[in-house]
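Heads up, the thing below is written out as structure tokens.
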Amino acid sequence: MENIAPALLDWFYKNRRILPFRTDPSPYHVWLSEIMLQQTRVAAALPYYERFLRELPDIPALAACDPEKLHKLWEGLGYYSRVRNLQKAARIVCEQYGGDLPADYDALLALPGIGEYTAGAIASISFGLAVPAVDGNVLRVFARLYNDDGFITDPAVKRLFTARVMDHQPPDAPGDYNQALMELGALVCLPGGEPLCGQCPLADLCAGRKAGRARDLPRKAVPKARKQTEVTVILAESPEGWLLQQRPPKGLLAGLWQPLTFEDTLLEGPGAVRDALEELGLDTGDQPRPLPGAKHIFSHIEWHLHLWRVQLPAQPAPAGCVWASCQALREEYTLPGAFKACKKEMGL
Ligand code: SF4
């Protein structure tokens, strides 16, 4: 196939979105933006990106940030392991590289939370290194461009596509080329239906378009069904505020705060809810009352939330828990999005 880079770059320079991490593509900016954009749309991520950089303008500031404040800066973006890994990596960068990301693909890849794609994006965009940065957008473009039926979830197929991406990469503009491919996938070669081939600079070269198969590509293995689980949540209030417990330091939503939560547990009826409170050593007050249920979908698990609300007398919080006023909940504690239905009930 003829080299796609000239037409692609020409299109990119005329059509790219002006984004703050493009205007000032320092390694820290590119790193932060790529981590934020992993699960979040550009428009939704931008206010978070700007606030994060106002609070933590460089890697040493990120390394030194109090973890609760860090969670607060990420609140609403979800997938909190991303920000915990950012900080772990920032601390390593301070210890090993004097606070600046290394201009080395393998050294970047060795940092927590930085996979092949992110390492490639930082190395090519910020340091001008000739490496690939292949995300879902790029895989989709190449599956269509080559009319290739390979499952893009298959590592061997991904390796082949990555080799093709590199066949076209111009040595003098690896970062722009990588960004142009991502931008083409985001703006023109769209997922989930008909791509905008009429606006595509690669239309004359595209085998998928010529074969009339573009919308059927790429092929992906059918994802595994999510685990369904019942979760009981008790919103317990006393004159000192709402009862919060901290999640374990490892695993799902690690270290974040939540109302009293019983995973894989369906407490049926107010009697069972009272028993659960008493087991924690709490004096129960009024009869617990049920609230409308809710659902939260994580990537691999689906929570069916059964909500209860109860008023308790003033008393010490059980081990691992605190009483938190609404103001403290707004300013200090980070409640994950899984508890969105609870936040409304708690007046947040
Ligand atoms: S011609 Fe259409 S299918 Fe081919 S790369 Fe462009 S937008 Fe995608």
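What do you reckon, is Gly136 within 23 Å of the chain's Cα centre (by Cα), near the ligand (Cβ under 10 Å from one of its atoms), closer than 30 Å to Phe298 by Cα and not assigned by TED's automatic domain parsing to the domain that holds Lys295?
When the stated conditions are applied, Gly136 does not pass them.
Quick check, is Tyr13 open to solvent by less than 20 Å² (accessible area, probe 1.4 Å) and assigned by TED's automatic domain parsing to the domain that holds Asn147?
Here the answer is no, as Tyr13 does not meet what is asked.
Considering (1) open to solvent by 30 Å² or more (accessible area, probe 1.4 Å); (2) in contact with a Phe, Trp or Tyr (Cβ under 9 Å, 6 or more places away or on another chain); (3) more than 8 Å from the ligand (Cβ to nearest atom), say which one Asp216 fails and leave the rest.
Result: Asp216 fails condition (2) only.
Provide a single number: the residues in the stretch 259-308 that are acidic (Asp, Glu) and either within 30 Å of Pro223 (Cα to Cα) or modelled with pLDDT of 95 or more (or both).
3
How about the stretch 262-305: which of its residues are open to solvent by 80 Å² or more (accessible area, probe 1.4 Å), of a type in the set (D, E, K, R) and in contact with a His (Cβ under 8 Å, 6 or more places away or on another chain)?
Lys295, the sole residue that qualifies.
Looking only at the stretch 189-213, count how many residues are more than 8 Å from the ligand (Cβ to nearest atom) and either acidic (Asp, Glu) or open to solvent by 50 Å² or more (accessible area, probe 1.4 Å) (or both).
Adding up the residues that qualify gives 9.
From the residues in the stretch 168-188 that are more than 25 Å from the chain's Cα centre (by Cα) and open to solvent by less than 40 Å² (accessible area, probe 1.4 Å), which one is nearest to the ligand (Cβ to nearest atom)?
Looking at the filtered set, the residue picked out is His168.
What about Leu243, is it closer than 13 Å to Trp308 by Cβ and surrounded by fewer than 19 Cβ atoms within 10 Å (Cβ to Cβ)?
Considered against the rule, which asks whether it is closer than 13 Å to Trp308 by Cβ and surrounded by fewer than 19 Cβ atoms within 10 Å (Cβ to Cβ), Leu243 comes out as no.
Scan the helices (runs of 4 or more DSSP H) fully inside the stretch 26-91 and keep the ones with 1 or more residues being under 19 Å from Thr334 (Cβ atoms) and more than 15 Å from the chain's Cα centre (by Cα).
In the stretch 26-91, 42-55, 59-64, 67-74 are the helices (runs of 4 or more DSSP H) which contain 1 or more residues that are under 19 Å from Thr334 (Cβ atoms) and more than 15 Å from the chain's Cα centre (by Cα).
Considering only the stretch 289-327, how many residues are within 18 Å of Gln245 (Cα to Cα), among the small types (Gly, Ala, Ser) and out of contact with any Gly (no Cβ under 7 Å at 6 or more places or on another chain)?
Qualifying residue count for the region: 4.
Among the residues of the stretch 120-129, is any at pLDDT 95 or above, more than 24 Å from Pro20 (Cα to Cα) and surrounded by fewer than 17 Cβ atoms within 10 Å (Cβ to Cβ)?
No, there is no match, as no residue in the stretch 120-129 is at pLDDT 95 or above, more than 24 Å from Pro20 (Cα to Cα) and surrounded by fewer than 17 Cβ atoms within 10 Å (Cβ to Cβ).
Residue check: is Leu160 open to solvent by 20 Å² or more (accessible area, probe 1.4 Å), over 26 Å from the mean Cα position of the chain (by Cα), among the hydrophobic types (A, V, I, L, M, F, W, C) and more than 9 Å from the ligand (Cβ to nearest atom)?
In short, yes.
The values are calculated or read from the model by the stated rules, or taken from the named source; none is laboratory data. Source: prediction; values computed, not measured. Here Cβ is always computed from backbone atoms with ideal geometry, including for glycine, and neighbour counts include all displayed protein chains. Areas reflect the complete protein model, heavy atoms only, side chains present, ligands, DNA and RNA absent. Shrake-Rupley method; radii C 1.70, N 1.55, O 1.52, S 1.80 Å.
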